[in-house]
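Colleague: Shown below is the structure under consideration.
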Amino acid sequence: MTILGLETSCDETAIAILRDGELLVSEVASQIAEHEKYGGVVPEVASRNHLVHAPRLLERAVHAAKIDISEVDGFAATSGPGLASSLMIGASIAKGLAIGFGKPYMAINHLEGHLLSPFFPDAEIRSNVSLIVSGGHTMSIFVRAVADYEVIGRTVDDAAGEAFDKVAKLLGLGYPGGPEIEKHATGGDPTRFDLPRSMPDSENFSFSGLKTAVRYLLPKIAFAVIPSRADGEGAHTNSWSAQPKERARDDKVLLADLCASFQQAVIDVLVQKSIAAAQKYDVDLVTLSGGVSCNRELRQQMSDSCKHHGLEFKTAEPWLCTDNAAMIAFAAWLRLRHGFHSSVTEEIDPNLMLA
C-alpha cells in the first residue's frame, strides 16, 4: 500500500510518500524566514507560500520516490486543526488527486499525526499515555489503539510552545522562541529564579501565568538584555552589546539563568503530569511528540523520570516532531489498515478536536 500525504496546517508545506510503512521520501519547505520578521505566522503569507511550494514539492517527491503517481493507493491530507487558509491548500490537492486517479482520500487530524509518530514505522500501536506539546497544543491523551483516544488534559490558555515564543519575544530573542530559549539556557542555573508551576493538582495545563511571571520579573532584576527598541517590522535589538564588558558578561549569565529557570518550570509541569497520568491509567508506556519535544532537556528529563517510575519511554526522531507529511502519511496508512475511510466531501476544520 502506497500513501501520499500532504501537511499544510500552518507554515510548513510538506509532502511524503510511504509504502507499507517504509518512508520513500519526505519533503518539507519551511517558511520560518518569511514569518520571522513578523514575530509569528501571518495566515495570508502562509497560504500564498503553500500555493507556490506545493506543486514543486509534489513533482520532486514523486521523482525522488521513483514511482508514477498513478501507483499511489491513497491520498491523505491534514484536515485540521490549523489555519483554514493553509489547510484548504493541502486538502484540495489531495482530494483532486484522489478523484483524478480514483483512489481513496484520507482526512487526517494533525494531532493524530503527532500522537502516532513515536511508533513510526511500527504497524502496531500499544496502549500508552501520550503528551503532545507544540506551539499550538499541549495535551495528554490515553491511547488505547488507532482511532481510540481519550483526552486526559489540555491547556486552558497558552500552549507550552506559545509560552516559549512569547517569553523569547520579551527577552528580545529570535523566532521561533523554543530553540532560542533552549540555546540560551545552556549552562544556566535552572534554580536561580523561582517561577510558578501552575495547576499542580489538575490534569489540565496552564502556561499563561508563567509567561506573566517572567514579564513582571524583568524590571526587578534590571535585565539589560530587555529589548531597548523595536523597529517597524517588530524585530528587536538587544541592549547588552552597548554595556561595558563586565556588565555584558553578567547579563549573559543572567539571561542563561532566566532561560534555564523558565525552561525548567515548563519541563517540571510536563513531566510530572505525564507520570501522574500514566500511573492513573495504569499503562507502562509514555510517549512524547510535537515541536517542543525537540527540546533536549525535556526529552532527557522525561526519559529519566519514566525510568525512575518503571515506565518505558518513546519519542519520535526530531525531524518527525516538527510539522511534516511523513506523520500524516503514517497515520493514514494505519487508519486504512484498520478499515477507516474518509469522503472527498469532508470539510477542513480549523478547530478539529482529537477526541
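Colleague: For region 105-194, list the helices (runs of 4 or more DSSP H) that sit wholly inside it and hold at least 3 residues that are within 16 Å of Leu352 (Cβ to Cβ), touching a residue at least 60 places away in the same chain (Cβ under 8 Å) and not small (Gly, Ala, Ser); which are they?
Modeller: By residue number, 110-116.
Colleague: Here is a further query. Every residue in region 1-41 that is surrounded by 24 or more Cβ atoms within 10 Å (Cβ to Cβ), in a loop (DSSP other than H, G, I, E, B) and either of a type in the set (A, V, I, L, M) or in contact with a strand residue (DSSP E or B) (Cβ under 9 Å, 6 or more places away or on another chain) (or both), please.
Modeller: Of everything in region 1-41, those that are surrounded by 24 or more Cβ atoms within 10 Å (Cβ to Cβ), in a loop (DSSP other than H, G, I, E, B) and either of a type in the set (A, V, I, L, M) or in contact with a strand residue (DSSP E or B) (Cβ under 9 Å, 6 or more places away or on another chain) (or both) turn out to be Thr8, Ser9.
Colleague: Sticking with this one: Being within 15 Å of the chain's Cα centre (by Cα) and part of a helix (DSSP H, G or I), is that true of even one residue in region 269-287? Before the answer, list the steps.
Modeller: Here is the first cut: in region 269-287, the ones within 15 Å of the chain's Cα centre (by Cα) are 270, 287.
The next check asks that each one be part of a helix (DSSP H, G or I); those that pass are 270.
Looking for residues that are within 15 Å of the chain's Cα centre (by Cα) and part of a helix (DSSP H, G or I), one finds at least one in region 269-287, hence yes.
Colleague: Okay, next question. Please find, within region 280-298, the residue that is surrounded by the fewest Cβ atoms within 10 Å (Cβ to Cβ) out of those that are within 18 Å of Glu180 (Cβ to Cβ) and not β-branched (Val, Ile, Thr). First the steps, then the outcome.
Modeller: To start, the set of residues in region 280-298 that are within 18 Å of Glu180 (Cβ to Cβ) comprises 290-298.
Filter once more, keeping what is not β-branched (Val, Ile, Thr): 290-291, 293-298.
On the way: Gly290: 28, Gly291: 24, Ser293: 28, Cys294: 21, Asn295: 27, Arg296: 11, Glu297: 16, Leu298: 24.
Per the stated criteria, the residue is Arg296.
Colleague: Examine region 78-89 for a residue that is within 13 Å of the chain's Cα centre (by Cα), part of a loop (DSSP other than H, G, I, E, B), buried (at least 19 other Cβ atoms within 10 Å of the Cβ) and on the phi > 0 side of the Ramachandran plot, and state whether such a residue exists.
Modeller: Filtering region 78-89 down to residues within 13 Å of the chain's Cα centre (by Cα) leaves 81-82.
This time we only want the ones that are part of a loop (DSSP other than H, G, I, E, B), so: 81-82.
Checking the rest, the ones that are also buried (at least 19 other Cβ atoms within 10 Å of the Cβ) come to 81-82.
Next cut, on the phi > 0 side of the Ramachandran plot only: 82.
Within region 78-89, one or more residues are within 13 Å of the chain's Cα centre (by Cα), part of a loop (DSSP other than H, G, I, E, B), buried (at least 19 other Cβ atoms within 10 Å of the Cβ) and on the phi > 0 side of the Ramachandran plot.
Colleague: Can you find even one residue in region 247-257 that is out of contact with any helix residue (DSSP H, G or I) (no Cβ under 8 Å at 6 or more places or on another chain), assigned by TED's automatic domain parsing to the domain that holds Ala168 and at pLDDT 95 or above?
Modeller: Looking through region 247-257, at least one residue is out of contact with any helix residue (DSSP H, G or I) (no Cβ under 8 Å at 6 or more places or on another chain), assigned by TED's automatic domain parsing to the domain that holds Ala168 and at pLDDT 95 or above.
Colleague: Any idea which of (1) at pLDDT 90 or above; (2) surrounded by 16 or more Cβ atoms within 10 Å (Cβ to Cβ); (3) outside any helix (DSSP H, G or I) is the one Val225 doesn't satisfy?
Modeller: Unmet condition: (1).
Colleague: Scanning region 320-330 for residues that are in contact with a Gly (Cβ under 8 Å, 6 or more places away or on another chain) and assigned to a helix (DSSP H, G or I), which turns out farthest from Leu58 (Cα to Cα)?
Modeller: Cys321
Colleague: Read through the list (1) at pLDDT 95 or above; (2) surrounded by fewer than 17 Cβ atoms within 10 Å (Cβ to Cβ); (3) touching an Asp or Glu at 6+ places or on another chain (Cβ under 6 Å), then give the number of the only condition that Ser70 fails.
Modeller: All conditions pass for Ser70, except number (3).
Colleague: A follow-up question, please. Tell me whether region 331-346 contains one or more residues that are under 22 Å from Thr138 (Cβ atoms), part of a helix (DSSP H, G or I) and not assigned by TED's automatic domain parsing to the domain that holds Gln264.
Modeller: Yes: one or more hits.
Colleague: Follow-up question, since we're still on this one. Listed residues His114, His110; which is closer than 23 Å to Val45 by Cβ, in contact with a Gly (Cβ under 9 Å, 6 or more places away or on another chain) and not aromatic (Phe, Trp, Tyr)?
Modeller: Exactly one of His114, His110 is closer than 23 Å to Val45 by Cβ, in contact with a Gly (Cβ under 9 Å, 6 or more places away or on another chain) and not aromatic (Phe, Trp, Tyr), namely His110.
Colleague: Can you tell which of Glu71, Glu34 is acidic (Asp, Glu), in contact with a helix residue (DSSP H, G or I) (Cβ under 7 Å, 6 or more places away or on another chain) and more than 30 Å from Phe142 (Cα to Cα)?
Modeller: Glu34
Colleague: Taking region 199-222 on its own, how many of its residues are in a loop (DSSP other than H, G, I, E, B) and within 21 Å of the chain's Cα centre (by Cα)?
Modeller: 4
Colleague: Just one of the numbered conditions (1) over 17 Å from Val286 (Cβ atoms); (2) not assigned by TED's automatic domain parsing to the domain that holds Thr287 is not true of Gly135; which one?
Modeller: In the conditions (1) over 17 Å from Val286 (Cβ atoms); (2) not assigned by TED's automatic domain parsing to the domain that holds Thr287, Gly135 misses (2) alone.
Colleague: Which residues, counting only those in region 299-319, are of a type outside the set (Phe, Trp, Tyr) and either crowded, with 23+ Cβ neighbours inside 10 Å or not in a helix (DSSP H, G or I) (or both)?
Modeller: Met302, His309, Gly310, Leu311, Glu312, Lys314, Thr315, Ala316, Glu317
Colleague: Still on this structure, please answer the following. Consider only pairs whose beta carbons are under 7 Å apart and that are at least six residues apart or on different chains; among these, list those whose first residue lies in region 294-317 and is within 15 Å of Gln279 (Cβ to Cβ) and whose second residue is among the β-branched types (Val, Ile, Thr) and in a helix (DSSP H, G or I).
Modeller: Correct list of pairs: Met302/Val271; Ser305/Val271; Ser305/Ile275; His309/Ile275.
The values are calculated or read from the model by the stated rules, or taken from the named source; none is laboratory data. This structure is a prediction, so every number in the text was calculated from the model and none was measured. Here the Cβ is made from the backbone with ideal geometry for all residues, glycine too, and neighbour counts use every protein chain on show.
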